[in-house]
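Working notes for the structure below.
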Amino acid sequence: MTNGKEADTGRYRNSSVSAAVDLVSRSNAVGMITAWQREDGIAQRQAHRHPQFTLQAVLVAMVLIPEIGVTTTVREILRTIYSLTDFQLSMVGMTINSEARAAFDDDPKNREEARFRAWLHAQVTCIDSFWDLPARTMSNGDFATALAARTPDERALASRRNLRAGELVNSLIAASIDWPGLARWRGDMVADETILDLAAVGEGMGSKPDKIKSAVSRARFYIRQDNNEVRGDGASATRTRKMAFGIGVTAVMAVGPIRAPGAVPRTILAVEIGGPTAGDAAALMRCLERIDGWPQTPKPTSRQRNRLLGVDMGYRAKPEFAHLLLTRRIDRIHRYPKSDKHAGRRTTFILPSVWPTEEIRDQKAPTLPGPVLAWGDFYCPAAMDRLVGNPTHRLRQINEDPAGLDRYDKMLAERLPFVMGRLDRPRLRDVKRAARLPGEAKDLRWKCRLQCPAEQGRVRCPLKPHSLDGDHTKPLAAPDWDPSRYQCCKSEVTVTLSERQLSSFQPGPTPGSFEYQSILDTYRSRTESRFAHLKHPCVTGLKRTNVGPRREPLLMLQIGIAIAVSNLKLQRNFKPDHMDVIERNFKLTDRALGRKATRKPYRS
């Protein structure tokens, strides 16, 4: 807000400086850095020469620089501080007299920049996990040797400072979140990783020990293939599209309700920064734990549906990731590749339920549970011949064939009625149903109660004579076994998920259905547009990270502030979009088919 006694005569408007000061103050970044300096025994030193810089002035300058579309550098930070008016400097706890301004304007040897750079690096050493390494190019072998030569205390200090840098970045992002603007947010999220290039691969550079690495210690060599798959650490790749040194930023952003994801702004809630990967599940888990730690984050009640999390299929492989999501009542939604390499061979995502329950564990000829987990959901075992082929590809891939959409809809009409009914959400339960002895450890596994689709009236089955009466347009099951073979033929069964099933299970919308396609396509498109906004030269200039700070602290601050600035601009100009994306896509699909497309069945 412009002060009545101070006109906007400087390079930046008073309102812009005031907004930047508010962001920095809400994040408590200065207080955090000061506390960490005391913890590490770093003395607060200031040169006797005028002016006396402040950390608040540095952070405010870094928030202001993207406003004019300039790349953030140490020199630009200093120039921005000197361009502030006396009134604006008072907001950041500084004064610069006319003699100092004149000396800065006439400084051919950049003595002031050297003084400022030395002071600034000393101030942010407490968040530098590579403080003992120079910010210059060196061979990968020398870099690995330097890291291996660290003492246990130095390794612990590096780990502690790395955690501090992540905490500082996320505090800046949290300060930029407009919680009243997220009033319609119900906890649904979408996550992805974007890679920031810090150096191109030149002659003599690479990932082998004798090759040269980037000057940024945190940067890692990666290769992107034509199919967008990312390979790191020098892994061999075919059809290479790009090679560079970069860092990966795993970001989690908010989306609106299932049918209206555009009802809330695309606010980035938390990030983790590390090496470039095809999907770092550990980083994503840390982001989710941070978000769930906020009191403002909405949690589903006992009768509400679980939250949805849209991710790339690179995040699907870790059982511990699936365990964390189920524990926090988050249903992930992602596609599957055509096949998966497991134990040296290619296999599809069709997994029969073979985990023995407590009732049948001691029987000589146990009755198998029966339900088959195929492409993320449980199906009746009588549908095994209908489960070939992956139903979770993008609709644009299906539409490449003129008859592809019609064939896909007919496949869904045959397959979806065989989805097992869901009597409750997955719950963590002890395998042993009887009471355990005092001190006996529990064997906790995820279980889910399922019901036969014939009992719910979606298919006709000879093993259920009452289902044969009525609508003869329903699919007819053709089981070739006795009803005593599978437990699910008794109407319902409690399935205990194995680790492989846990990695593949999607408790939310049935994968492959048109509703699922609408939700996932909308979620995934939002990540691409969100990262494009983040890297736009007129928003943050973050795309030009091949120039600018090479030391870790300023680079991390630059990323955190850029995301915060992007959040503020998106929220300021946000216009809610309440369009029902599922209904809109069904209208388009129905029109293309010339008939009503197959809807997913009710499973409860």
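The values are calculated or read from the model by the stated rules, or taken from the named source; none is laboratory data. This is a predicted model, so every value here is computed, not measured. Please note: Cβ atoms are built from the backbone with ideal geometry, for glycine as well, and neighbour counts cover all protein chains shown.
Assorted remarks:
- Contact annotation: residue pairs with Cβ atoms under 9 Å, 6 or more positions apart or on different chains, pairing a residue in the stretch 273-285 that is at positive phi with a partner that is surrounded by fewer than 20 Cβ atoms within 10 Å (Cβ to Cβ) and among the acidic types (Asp, Glu), are GLY279/ASP312.
- Residue among THR71, THR80, THR95 that is closer than 18 Å to PRO549 by Cβ and part of a loop (DSSP other than H, G, I, E, B): THR71
- Total residues in the stretch 492-520, condition of a type outside the set (A, V, I, L, M), part of a helix (DSSP H, G or I) and modelled with pLDDT of 90 or more: 5
- Residue check for ASP153: modelled with pLDDT under 90 and of a type outside the set (Lys, Arg): no
- Screening the stretch 448-466 for residues that are assigned to a loop (DSSP other than H, G, I, E, B) and either of a type in the set (Lys, Arg) or in contact with a Cys (Cβ under 6 Å, 6 or more places away or on another chain) (or both) and picking the one that is surrounded by the fewest Cβ atoms within 10 Å (Cβ to Cβ) gives LEU463.
- CYS489 meets the stated requirement of being out of contact with any Asp or Glu (no Cβ under 8 Å at 6 or more places or on another chain) and not in a loop (DSSP other than H, G, I, E, B).
- Single residue of the stretch 141-169 satisfying the filter (among the charged types (D, E, K, R) and within 27 Å of the chain's Cα centre (by Cα)) that is surrounded by the fewest Cβ atoms within 10 Å (Cβ to Cβ): GLU167
- Count - residues of the stretch 171-216 that are farther than 22 Å from GLY279 by Cβ, in contact (Cβ under 8 Å) with a residue 40 or more places away in the chain and of a type in the set (Asp, Glu): 2
- Residue that is over 20 Å from LEU555 (Cα atoms), among the aromatic types (Phe, Trp, Tyr) and assigned by TED's automatic domain parsing to the domain that holds GLU112, where the choices are PHE87, PHE53: PHE87
- For beta carbons closer than 6 Å, sequence separation of 6+ or different chains, a first residue in the stretch 504-522 that is of a type in the set (Gly, Ala, Ser) and a second that is assigned to a helix (DSSP H, G or I), the qualifying pairs are SER518/VAL581; SER518/ILE582; SER518/ASN585.
- Looking across the stretch 308-330, the residues that are assigned to a strand (DSSP E or B) and either outside the structural domain of VAL230 (by TED's automatic domain parsing) or aliphatic (A, V, I, L, M) (or both) come down to LEU308, LEU309, ILE330.
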